[in-house]
Each structure stands twice: as C-alpha cells, then as structure tokens.
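Quick notes on the structure that follows.
The values are calculated or read from the model by the stated rules, or taken from the named source; none is laboratory data. No experiment lies behind these values; they were computed from the predicted model shown. Methodologically, a virtual Cβ is constructed for each residue, glycine included, from the backbone with ideal geometry; neighbour enumeration extends over all protein chains shown. Just the protein is used for accessible areas: all its heavy atoms, side chains included, with ligands, DNA and RNA removed. Shrake-Rupley method; radii C 1.70, N 1.55, O 1.52, S 1.80 Å.
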Amino acid sequence: MRTNSLAFRLTVSAAVTAVVLLLAAVIVLSELFEQTVQRNFDARLRAIMDGLQVNIELSPDGAPRIQGSLADTRFQLQDSGWYWQVNAVKPGGKFVASASLLEPPLMLPANAVNKRDQEGYARFSLVDGAGNQLRGIEQRLKLFGSNDDYSFVVTGNFDELRAEVLAFRRGLYVSLALIGFGLLAAIFFQVRYSLQPMKVMERKLNDIRAGKVEMLEGDFPAEMQPIADELNLLVQSNFEIIDRARMQVGNLAHALKTPISVLTNEARDHKGPLSDKVTEQIGVMREQVNLYLDRARRAARAQTVGSATDVDPVLQALARTLQRINRDRGLEVIVEPGPALKFRGERQDLEEMVGNLMDNACKWSKTKVLVRARLLTQNGDDGRPWMMIEVDDDGPGLPPEKRAIAMKRGQRLDESKPGSGLGLNIVSETAAMYSGQASLDQAELGGLRAKLKLPALLGTAAPAI
C-alpha cells in the first residue's frame, strides 16, 4: 500500500480514530471503575461506622468502650490497615481503638476533618506505621450520658482497592487491545472492499489502453457510475476527434495534390530558368507537404486511446525483409529473443520507427545487425511500463559529437549512402509523440547503437531487465 494512495489515507485515518477512541475508552472506563470501587469502598466504611456507633457506650469511669466486637476479622489483625477508634474531641480525653491498631490514636490531617459533607462525614487519606495507604471517614457524635463530642474514625486499606483497580485495568487493556486489533483488521478489510470497484475501473481502463475493449463497461457503485459514464463519453469524444482529424488531414492532402500537379505540368511545359526554379520549389513544397501531413497523421494515431501492437512480430518481419534486400551483401539481421511486449501505439508507427533504424543500420553495417527489445526496470511518470528497443550494427559508428547532429531533420553526415536524411528525425519526432525518445550510442559490435524508448504493455508476465 503506497503512502500517497487513497487506501493508505483511509486506513491510517480510520486506524488513528479507532486508536484515539480506544485510548479515550481506556481512560474513561478506568476512571469510572475507580470511582465506582471508591464509592463502594466508602459505602463499606460507612456500614462499618454505623455498626461501630451502635456498639459504643460509656463505661462507669467515663471512657468509651465497645460491646462485643465487629464482625470483620480484619480489625483484629495487627497493621492490617483496617482500623477504628473512638476518642473524645476535647484534649486529654479517653479513647478506645481496634486491636489491629498498635499505636493509637490515628492522627488525622487537619484540613480533612474541616471539610465535611451534609451528613457530617469527613474523608481523608493517610499512611500508617506499616506503610499501608489508608482511606478513612470520620464523624463526630455525642454518646448517651455525655455532653462531650466524640470522634468516630474508621479506615480501610486502600492498597486493596488499588490492587483491584490495577487488575481491572490489566484486563481492560488486554480486552481493548484485542478489540483494537480486530478493528484494525476490519478497517483494512473495509477499505479494500470499499475501494475494490476503483481497482476494477483501473483494470478496465487499462484494457481500453491495451486495445482489448473500446468502452468502460460493468456495474459500478452509485457514487462511481457518473465517473464511469463521463469516462465513456470522454473516450467516445476522443475517437470522434481522432476520426475528424484524420479526415481533415486526408482532405488537405487531396486538396493540395491538384494545385501542385497543375504547377508541375505548367512548369514542365514552359522551359527556361523560371520554369526550372518553379519546378525546384514545387519539389520542395511536395516534400514539405508530405512531411507535415505524415507528421499530423502520426500525431493523430499517437493520441488514439486503445492502440496496442505486439513488438516481436514487427521486429521479426522487418528483419526478414531487410535480410532479403541485403542478401547480396551477406548481411545477417538477428532479433534476440525477449519478453512478450506490446507497444502502446499503432503498428504502422512502430514499423516506421524501427524500420528506419534497422534500415539505417543495414546501410552502414558490415556483416551483422542485432535487434533487441527489453522491458525497463523503472516505470514512467504515469506509473506504466516502458520498453527499450536497441538496434546495433558493426559499421564504422559515429563519434559522440556527431550523434546529436544526426538526429536533426535532413542532416546527412555522409552523402555516399542513399537517403534524404529525414529517417532519424522521423523516428525522433514519432517517438516524441508517444512521450518516448530516440538516441544514439556506442554499440558492443563496434558500430552505432540506435535506442528507442517507447511506452509498453506486458503481453505475459516477463521479468524486467
């Protein structure tokens, strides 16, 4: 999954949202559970306080005492953290405490006992001599037979509450982690399932580019169907524009042929310097008209959607033809085996480009011309594959400074060979119409290597070289 893809963005955004919500759920649930346990803890302390207040009375000497004992045995265990004590509020007053409290009395925080609720309870926290974290409540009452206020204190071991909260949090973390992984898997599946129609549309568009179909067909979701319809209209409009352009090019060619023929005949009938000059310029006009009409034709074909040509049959056919033409020289034209590639364009253009390169190689070669087609390892800017067709010869070659000159229109570096000098330029211009490129380099055979970079389609699965 690429980082700049829509699937990546949807997955990451949904995953981040899920993680944030799960973290918020952990915090909220932990806090709610802790508050609930704390309220239950306080309710337990208040129940113990009620039992303590019922069982406390004054002895004959005026000291508070408990009748019997509280049911909770933790008040009998030393340093258990579960304590109670009753003492007179006035200085020097007598007190009574649970057996678990070894060093009475408990010293309550002053700021805690000054803050009481509507029922007169004060809540506080402190640490006992054994290091236990205590949570307690305190209430002041008058005992029967005395006008003095007595402080009733009950504490519980808050570490037990913490252990309970920690156990809950561990279980919560594990549960939500499993839920989180399940959500991530569900998000990944949902994104892939939801974007599957886009993959289908991409494959169908590739089929149009490959020339397998002409229109985008299939059932798409309601949100994508308008896009599919607009793409079909665009493809249809493209075909219509190309047809009109081809027709206009043909009409122009026919319209120019008659005036040029008339001028040629008139110039031929009237001999003289002016006639010779007119004949010369008419030849230039005919050549230029043919050149630019041919260029327009190639440009129209290059923009056609859905054109695809098998490369190997074209190379093999050209090799056989050129070898027959040059059989008197004993020239060998070899096409190396390669992957099943398709050129994203018209067959006529591929034949024209490769034919010019191979014909040029045959003119200069001594004994051998080697042709190969390979898939490039790096895709183009549009994400599609590209191929390289190389034509090598064992001729004299060209120095680096003359290779660029040879690609220009009408440039001939040696007049001893037949030709107009337009072949390499036509190759370069036609390749550029397909966003490709033609160039010259040094061949391993010792002569010149002509390289032609063109957009490709894979006929079968083939490794890139």
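Out of the residues in segment 346-364 that are open to solvent by less than 40 Å² (accessible area, probe 1.4 Å), closer than 15 Å to VAL311 by Cα and not β-branched (Val, Ile, Thr), state the one that is modelled with the lowest pLDDT. Step through it out loud before you land on a result.
Filtering segment 346-364 down to residues open to solvent by less than 40 Å² (accessible area, probe 1.4 Å) leaves 349-350, 353-355, 357-358, 361-362.
So of that shortlist, the ones also closer than 15 Å to VAL311 by Cα come out as 349-350, 353-355, 357-358.
Applying the additional criterion that residues be not β-branched (Val, Ile, Thr) yields 349-350, 353, 355, 357-358.
On the way: ASP349: 86, LEU350: 90, MET353: 90, GLY355: 92, LEU357: 92, MET358: 92.
Looking at residues that are open to solvent by less than 40 Å² (accessible area, probe 1.4 Å), closer than 15 Å to VAL311 by Cα and not β-branched (Val, Ile, Thr), I get ASP349.
Kindly establish whether LEU195 is in contact (Cβ under 8 Å) with a residue 24 or more places away in the chain and either surrounded by fewer than 12 Cβ atoms within 10 Å (Cβ to Cβ) or in a helix (DSSP H, G or I) (or both).
Numbers: in contact (Cβ under 8 Å) with a residue 24 or more places away in the chain: yes; either surrounded by fewer than 12 Cβ atoms within 10 Å (Cβ to Cβ) or in a helix (DSSP H, G or I) (or both): yes.
Taking the combined requirement at face value, the residue satisfies it.
Residues that are open to solvent by 50 Å² or more (accessible area, probe 1.4 Å) and either β-branched (Val, Ile, Thr) or in a helix (DSSP H, G or I) (or both) within segment 139-166 comprise ASP159, GLU160, ARG162, ALA163, GLU164, LEU166, listed in sequence order.
Only a single item in (1) open to solvent by 90 Å² or more (accessible area, probe 1.4 Å); (2) touching a residue at least 24 places away in the same chain (Cβ under 8 Å); (3) of a type outside the set (Lys, Arg) is not met by VAL89, and it is number (1).
Restricting attention to segment 45-73, which residues are touching a residue at least 40 places away in the same chain (Cβ under 8 Å) and open to solvent by 20 Å² or more (accessible area, probe 1.4 Å)? I'd like the intermediate steps shown before the answer.
If we filter segment 45-73 for residues that are touching a residue at least 40 places away in the same chain (Cβ under 8 Å), which is where we start, we get 45-46, 48-49, 52-53, 56-58, 62, 64.
Matches in segment 45-73: ARG46, ILE48, GLN53, GLU57, LEU58, GLY62.
Of all residues in segment 321-345, those that are closer than 15 Å to SER365 by Cα and in a loop (DSSP other than H, G, I, E, B) have Cβ atoms under 9 Å from Cβ atoms of residues that are open to solvent by less than 20 Å² (accessible area, probe 1.4 Å) and not β-branched (Val, Ile, Thr), 6 or more apart or on another chain, in ASN326/CYS362; ASN326/SER365; LEU331/LEU322; LEU331/CYS362; LEU331/SER365. Which of the numbered conditions does ARG246 fail, given that it passes all the others? Conditions: (1) closer than 27 Å to ALA308 by Cα; (2) modelled with pLDDT under 80; (3) in contact with a Leu (Cβ under 7 Å, 6 or more places away or on another chain). The one condition ARG246 does not meet is (3). Here is the figure for segment 216-233: residues that are closer than 30 Å to ALA340 by Cβ and open to solvent by 60 Å² or more (accessible area, probe 1.4 Å) total 1. Summed over segment 410-465, residues that are over 17 Å from MET358 (Cβ atoms), open to solvent by 20 Å² or more (accessible area, probe 1.4 Å), part of a strand (DSSP E or B) and modelled with pLDDT of 80 or more total 2. Does VAL311 meet the test of being surrounded by 12 or more Cβ atoms within 10 Å (Cβ to Cβ), touching a strand residue (DSSP E or B) at 6+ places or on another chain (Cβ under 6 Å) and either modelled with pLDDT under 80 or not aromatic (Phe, Trp, Tyr) (or both)? Yes, satisfied. Pull up segment 102-125, narrow it to residues that are farther than 21 Å from ASP149 by Cβ and surrounded by 12 or more Cβ atoms within 10 Å (Cβ to Cβ), then point me to the one that is farthest from the chain's Cα centre (by Cα). Ranking the candidates gives LEU102 first.
Residues that are over 12 Å from ARG403 (Cβ atoms) and within 34 Å of the chain's Cα centre (by Cα) within segment 426-443 comprise ALA431, ALA432, MET433, TYR434, SER435, GLY436, GLN437, listed in sequence order.
Matching residues to (1) hydrophobic (A, V, I, L, M, F, W, C); (2) in contact (Cβ under 8 Å) with a residue 40 or more places away in the chain:
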| residue | (1), (2) |
| --- | --- |
| LEU216 | yes, no |
| ALA222 | yes, no |
| LEU233 | yes, no |
| GLN236 | no, no |
| ILE242 | yes, yes |
| ALA253 | yes, yes |
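For segment 256-283, the set of residues classified as free of Cβ contacts under 8 Å to residues at least 12 places away in the same chain and open to solvent by less than 60 Å² (accessible area, probe 1.4 Å) consists of SER261, GLY272, SER275, GLY283, listed by residue number. With respect to the conditions (1) among the hydrophobic types (A, V, I, L, M, F, W, C); (2) part of a helix (DSSP H, G or I); (3) more than 28 Å from PRO385 (Cβ to Cβ), ALA222 lacks only one, and its number is (2).
For segment 242-262, the condition of being farther than 19 Å from LEU293 by Cα and charged (D, E, K, R) holds for none of the residues.
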